[in-house]
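Q: One structure coming up, written as structure tokens, with questions to follow.
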Amino acid sequence: PFLRMPSCPRLLKEYKELSTAKPDPEIELNLTDEADIYQWTAKLQGPAGSPYEGGRFELKIVCLPTYPLAPPKVTFTTPVFHPNVLYKTGEICLDILKPEAWTPAWTLQSVCRAVAALLSHPEADSPLNCDCGNLIRSGDMRGYRSMARMYTAMHAGGNGS
């Protein structure tokens, strides 16, 4: 049923594995459109013990025809207050998504796990969201967690911890 016949048997393999695997309660990964193997959507549960707990965050994942040799482009479509996420665009700063750090060993599912782990472990030294990064770097974890919980409640339906 794929209109754009993939030059990427790897994506077909991942799609087939996801459709037969036991569902992951924390990550829901689906094709955005059955006719395009390169466009995916993921829904992540906010990690327990993080200010994102209880939230449901949506990611847009776009693969190039050169995947898995090139990383997918992953962005949040749910607004999120996090130092490594550009609030306006959802752009994510995560090493494994950069071409120089990417390895074909990563799958779309493992990329989603890495994004979920980033929610629990913000890296304030290279912030895309400077306001958020500054709170963490100045030691104001209470302020960061409070803002992250508020944005999660507003945009992702969470209550945070």
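Q: Does Ile61 fit the bill of being outside any loop (DSSP other than H, G, I, E, B), at pLDDT 95 or above and either in contact with a strand residue (DSSP E or B) (Cβ under 8 Å, 6 or more places away or on another chain) or open to solvent by 50 Å² or more (accessible area, probe 1.4 Å) (or both)?
A: Details: outside any loop (DSSP other than H, G, I, E, B): yes; at pLDDT 95 or above: yes; either in contact with a strand residue (DSSP E or B) (Cβ under 8 Å, 6 or more places away or on another chain) or open to solvent by 50 Å² or more (accessible area, probe 1.4 Å) (or both): yes.
Considered against the rule, which asks whether it is outside any loop (DSSP other than H, G, I, E, B), at pLDDT 95 or above and either in contact with a strand residue (DSSP E or B) (Cβ under 8 Å, 6 or more places away or on another chain) or open to solvent by 50 Å² or more (accessible area, probe 1.4 Å) (or both), Ile61 comes out as yes.
Q: Sticking with this one: Among the candidates Gly139, Gly90, Gly143, which residue alone is in contact with a strand residue (DSSP E or B) (Cβ under 9 Å, 6 or more places away or on another chain) and either of a type outside the set (S, T, N, Q) or farther than 16 Å from Lys43 by Cα (or both)?
A: Numbers: Gly139 fails: in contact with a strand residue (DSSP E or B) (Cβ under 9 Å, 6 or more places away or on another chain); Gly143 fails: in contact with a strand residue (DSSP E or B) (Cβ under 9 Å, 6 or more places away or on another chain).
Result: Gly90 is the single residue among Gly139, Gly90, Gly143 that is in contact with a strand residue (DSSP E or B) (Cβ under 9 Å, 6 or more places away or on another chain) and either of a type outside the set (S, T, N, Q) or farther than 16 Å from Lys43 by Cα (or both).
Q: Out of the residues in region 39-58 that are out of contact with any helix residue (DSSP H, G or I) (no Cβ under 8 Å at 6 or more places or on another chain) and part of a strand (DSSP E or B), state the one that is least open to solvent (accessible area, probe 1.4 Å).
A: Thr41
Q: Taking into account only those residues within region 4-38 that are open to solvent by 20 Å² or more (accessible area, probe 1.4 Å) and either basic (Lys, Arg) or under 20 Å from Leu94 (Cβ atoms) (or both), which is modelled with the lowest pLDDT?
A: The qualifying residue modelled with the lowest pLDDT is Arg4.
Q: Can I ask one more? In region 100-148, what residues are free of Cβ contacts under 8 Å to residues at least 60 places away in the same chain, aliphatic (A, V, I, L, M) and over 27 Å from Leu31 (Cβ atoms)?
A: Ala124, Leu128, Leu135, Ile136, Met141
Q: I've got another one for you. Thr75 fails exactly one of the following numbered conditions: (1) of a type in the set (S, T, N, Q); (2) modelled with pLDDT of 95 or more; (3) not in a strand (DSSP E or B). What is the number of that condition?
A: Failed condition: (3).
Q: Also, I was wondering about something else. Take Tyr87 and tell me if it is surrounded by fewer than 21 Cβ atoms within 10 Å (Cβ to Cβ), of a type outside the set (D, E, K, R) and over 28 Å from Gly143 (Cα atoms). Can you show your working first?
A: Numbers: surrounded by fewer than 21 Cβ atoms within 10 Å (Cβ to Cβ): yes; of a type outside the set (D, E, K, R): yes; over 28 Å from Gly143 (Cα atoms): no.
It is false that Tyr87 is surrounded by fewer than 21 Cβ atoms within 10 Å (Cβ to Cβ), of a type outside the set (D, E, K, R) and over 28 Å from Gly143 (Cα atoms).
Q: Right, another one. If you go through region 68-82 one residue at a time, do you hit one that is surrounded by fewer than 15 Cβ atoms within 10 Å (Cβ to Cβ) and farther than 28 Å from Arg137 by Cβ?
A: yes
Q: Out of everything in region 129-161 that is assigned to a loop (DSSP other than H, G, I, E, B) and at pLDDT 95 or above, what residue ends up being surrounded by the most Cβ atoms within 10 Å (Cβ to Cβ)? Before the answer, list the steps.
A: Going residue by residue through region 129-161, those that are assigned to a loop (DSSP other than H, G, I, E, B) are 129, 138-140, 157-161.
Narrowing the set further to residues that are at pLDDT 95 or above leaves 129, 138-140.
On the way: Asn129: 22, Ser138: 11, Gly139: 9, Asp140: 13.
Filtering first and then ranking leaves Asn129.
Q: Might you let me know whether region 111-122 holds any residue that is more than 19 Å from Thr41 (Cβ to Cβ), of a type in the set (Gly, Ala, Ser) and outside any strand (DSSP E or B)? Show your work before the answer.
A: Applying the first criterion (more than 19 Å from Thr41 (Cβ to Cβ)) to region 111-122 yields 117, 120-122.
In the following step, the residues that additionally are of a type in the set (Gly, Ala, Ser) were identified as 117, 120.
Cutting the leftovers down to outside any strand (DSSP E or B) gives us 117, 120.
Yes - at least one qualifying residue is present in region 111-122.
Q: Go through the residues of region 95-107 one by one and say whether even a single one is open to solvent by 60 Å² or more (accessible area, probe 1.4 Å), charged (D, E, K, R) and under 15 Å from Gly46 (Cα atoms). Give the derivation first.
A: Here is the first cut: in region 95-107, the ones open to solvent by 60 Å² or more (accessible area, probe 1.4 Å) are 95, 98-100, 105-106.
Those left that are additionally charged (D, E, K, R): 95, 98, 100.
Within this subset, residues satisfying the condition of being under 15 Å from Gly46 (Cα atoms) are none.
Checked region 95-107: no residue is open to solvent by 60 Å² or more (accessible area, probe 1.4 Å), charged (D, E, K, R) and under 15 Å from Gly46 (Cα atoms).
The values are calculated or read from the model by the stated rules, or taken from the named source; none is laboratory data. Just so you know, these numbers come straight off a predicted model, no measurement behind them. Neighbour counts are summed over all protein chains in view; Cβ atoms, including those assigned to glycine, are modelled from backbone coordinates with ideal geometry. Surface areas here come from the heavy atoms of the whole protein model, side chains and all, with no ligands, DNA or RNA. Shrake-Rupley method; radii C 1.70, N 1.55, O 1.52, S 1.80 Å.
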